[in-house]
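Remarks on the structure that follows.
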Amino acid sequence: MGRSHKVSPDDLAAGLLKGDRRAAARMITLVEDQDERANEMMKLVFPHTGRSMIIGITGAGGSGKSTLIDHLIGRFRGMDKKVGVVAVDPSSPFSGGALLGDRVRFQSHSLDEGVYIRSMGARGYLGGLARATTDVVRIMEAMGNEVIIIETLGAGQDEIDVIHVAQTCLLVLTPGMGDDIQAMKAGIMEIADIIVLNKFDLDGATQCLRSLETVIHTGMSEDKGWTPRVVPTIACAAKSSDVQGVDELVQNIMDHQAYLHRSKKIEEVRFKRIEQELGLVFKDEVEKVVFAGLKGTGKKRQYIESIRAGKNDPYSVVEEVLATFLKEEILE
């Protein structure tokens, strides 16, 4: 670990741009640990990003996302594309950078040099998990991965933030969730470009498929250029010949990518991604400035005690602190 601290951002960036997996791993660790060199490193990385296909996959636990991703990796590798996978799990304090966990979940690709997999777990990031994840996606882009898959395992704000990084968003459902479809209507319309109805061999699958299609077509506005598609799949099967719908899913992903580029919507997606990242970096850096300024002064404790005693309130404290550390009256 001591040696990694001697490596300069320039050397790491140079290695990363050559596809060096060790350089990528070191850079990701620096980002996760909020190392003082991380920002300088990301400045060097940024110009070499923005050309990858980024696919976001979300859905409840047990819906089969990991198995689907395993198949998708295989299909994209069959197209001779390098693939990066970021698995985001804010609910688990044990999954951060868990190489063993990655190998178990995507074991058929663990030795493939054209596949790079990283888990992001809840490790107490000052600026939230989303900031670290967006930086990791940039690192994977600069490394030369033409396809990057972001898998989110939970359902909180971090997942919503992270999914905004993606260009094509997949929502994975199973037939057992049929009763929740009406309640999920707004959410489906908001985030899903493609809905994957996995485990299509379960009871009630056909009825669930019809319900989903009805919800989509009755809820669509006429000016929307892309209608979310429902793709039935069976990702987990005893025999590979029994796996169904994966080729159709890949085709729908490629269709959506073609739509984004044809309609120039890809520029809107890129704008939103940068807007999202800018907000995350601002939040993170402002917090760092404030906490660094308060450290060792005893003021943080004084503020808390004054609020607890009813002599102050959080809003007034924040105004005072921002005015002090940002040198201007942001909140007049």
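The values are calculated or read from the model by the stated rules, or taken from the named source; none is laboratory data. The structure presented is a predicted model; accordingly, all values stated were derived computationally and were not measured. Cβ sites come from the backbone with ideal geometry, for glycine too, and all protein chains shown count toward neighbours. These accessible areas exclude ligands, DNA and RNA; they are computed on the full protein's heavy atoms, side chains included. Shrake-Rupley method; radii C 1.70, N 1.55, O 1.52, S 1.80 Å.
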Subject >> Cα-based equivalent ellipsoid of segment 1-92: semi-axis lengths in Å, sorted from largest, via gyration tensor >> reply: 28, 18, 12
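What is the dipole size for segment 1-48, taken about its Cα centre, with +1 at each Lys and Arg Cβ and -1 at each Asp and Glu Cβ, in debye to the nearest 20? It would help to have the intermediate numbers written out before the result.
Working: 8 positive and 8 negative charges, 48 e Å.
The dipole of segment 1-48 has a size of about 240 debye.
Using a 1.4 Å probe on the protein chains only, how many percent of the accessible area of segment 279-331 belongs to carbon and sulfur? Provide the component values of the computation, followed by the final result.
Numbers: 2320 of 3950 Å².
Answer for segment 279-331 is 59 percent, counting heavy atoms of protein chains only.
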**OP:** Based on the mean of other Cβ atoms within 10 Å per residue, sort peptides 316-326, 56-66 so the most packed one is first.
**Re:** 56-66, 316-326
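What ranking do 283-295, 35-47 get when scored by the average of other Cβ atoms within 10 Å per residue, highest first?
Listed from highest to lowest mean packing, they are 35-47, 283-295.
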Subject >> Extended-chain gain in nm, criterion 0.36 nm per residue less alpha-carbon gap, ALA238 and PHE325 >> reply: 25.3 nm
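Could you tell me which of the pairs LYS199/LYS265; LYS81/LYS283; LYS18/LYS239; LYS43/LYS283 are separated by over 29 angstrom between their Cα atoms in the structure shown?
Details: LYS199/LYS265 32 Å; LYS81/LYS283 35 Å; LYS18/LYS239 38 Å; LYS43/LYS283 18 Å.
Where the Cα-Cα span goes over 29 Å, the pairs concerned are LYS199/LYS265; LYS81/LYS283; LYS18/LYS239.
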**OP:** Report P(r) for segment 188-300: all Cα-Cα distances, bin width 10 Å, range 0 to the bin holding the largest distance, values in whole percent.
**Re:** 11, 27, 24, 17, 11, 9, 1
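So, with a 1.4 angstrom probe, what is the percent of accessible area on segment 216-277 that is carbon and sulfur? It would help to have the intermediate numbers written out before the result.
Numbers: 1870 of 3770 Å².
Carbon and sulfur together cover 50 percent of it.
How large is the accessible surface per residue of segment 269-332, computed with a 1.4 Å probe and reported in Å² as a whole number?
Values: 4870 Å² over 64 residues.
Computed with neighbouring chains in place, this is 76 Å² per residue.
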**OP:** Express the carbon and sulfur contribution to the solvent-accessible surface of segment 1-48 as a percent, rounded to the nearest whole number, probe 1.4 angstrom.
**Re:** 52
